[in-house]
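Asker: Before I ask anything, let me first share the structure, which is written out below as structure tokens.
Every number here is computed from the coordinates shown, using simple stated rules; none is lab data. Computed from a prediction, not measured in an experiment: that's the story for all the values here. Don't worry about glycine lacking a Cβ; one is built from the backbone with ideal geometry, like all the others, and counts go over all protein chains shown.
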Amino acid sequence: MYELKVISSIAAAHQLKGIEGKCEDLHGHNWKVEVFVTGEELGTDGLLIDFKWIKRATEEVLKGLDHKFLNELGAFEGLNPSSENLARHIHESLRKQLNRENISVSKVTVWESDTAAATYMQT
């Protein structure tokens, strides 16, 4: 099994409703986003997938999130825009663009700080 990883980042604001504490207030993060793609076999070119395709797809998805107030986005309608839900949203969006017979987006990790991250994995 091969695993590729690209790292990107976004800056965005959110409010977490229904929890106690200061995270209910409007605040922001500089999220680091790690995207993992896996597959069993390399192509004849010796690649699982060119990194540029993963980077382009990731940039496209993140463009809709960067410097936004996440609570106002349709992707989080009825959901807290938590790191967990952000990781799931990015994963599901990238799956639609990158998954094919021999490769899949296996997980997305979203770091909201240097010491706190959430991962959504394909099951």
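Asker: Considering only residues that are out of contact with any helix residue (DSSP H, G or I) (no Cβ under 9 Å at 6 or more places or on another chain) and either in a strand (DSSP E or B) or of a type outside the set (Gly, Ala, Ser) (or both), which ones fall in region 8-25?
Answerer: Ala11, Ile19, Glu20, Lys22, Cys23, Glu24, Asp25
Asker: As an exercise: evaluate Glu60 against (1) within 16 Å of Val105 (Cβ to Cβ); (2) over 15 Å from the mean Cα position of the chain (by Cα); (3) touching a residue at least 24 places away in the same chain (Cβ under 8 Å); (4) surrounded by fewer than 19 Cβ atoms within 10 Å (Cβ to Cβ) and give the number of the one condition it does not meet.
Answerer: Only one criterion in (1) within 16 Å of Val105 (Cβ to Cβ); (2) over 15 Å from the mean Cα position of the chain (by Cα); (3) touching a residue at least 24 places away in the same chain (Cβ under 8 Å); (4) surrounded by fewer than 19 Cβ atoms within 10 Å (Cβ to Cβ) is unmet by Glu60, namely (2).
Asker: Got a number for residues in region 48-83 being under 15 Å from Gln15 (Cβ atoms) and of a type outside the set (A, V, I, L, M, F, W, C)?
Answerer: Total meeting the criteria: 9.
Asker: One residue is enough: does region 95-110 have a residue meeting the conditions over 18 Å from Met1 (Cα atoms), touching a strand residue (DSSP E or B) at 6+ places or on another chain (Cβ under 7 Å) and outside any helix (DSSP H, G or I)?
Answerer: Taking every residue of region 95-110 in turn, at least one turns out to be over 18 Å from Met1 (Cα atoms), touching a strand residue (DSSP E or B) at 6+ places or on another chain (Cβ under 7 Å) and outside any helix (DSSP H, G or I).
Asker: Condition (residue is surrounded by fewer than 13 Cβ atoms within 10 Å (Cβ to Cβ), of a type outside the set (Phe, Trp, Tyr) and either touching a Leu at 6+ places or on another chain (Cβ under 7 Å) or assigned to a helix (DSSP H, G or I) (or both)) applied to region 26-44: is it met by at least one residue? Give the steps one after another, and end with the answer.
Answerer: Of region 26-44, the ones surrounded by fewer than 13 Cβ atoms within 10 Å (Cβ to Cβ) are 26-27, 30, 40-44.
Now narrow it down to the ones that are of a type outside the set (Phe, Trp, Tyr): 26-27, 30, 40-44.
Cutting the leftovers down to either touching a Leu at 6+ places or on another chain (Cβ under 7 Å) or assigned to a helix (DSSP H, G or I) (or both) gives us 42.
Within region 26-44 (the criterion being surrounded by fewer than 13 Cβ atoms within 10 Å (Cβ to Cβ), of a type outside the set (Phe, Trp, Tyr) and either touching a Leu at 6+ places or on another chain (Cβ under 7 Å) or assigned to a helix (DSSP H, G or I) (or both)), the answer is yes, since at least one residue qualifies.
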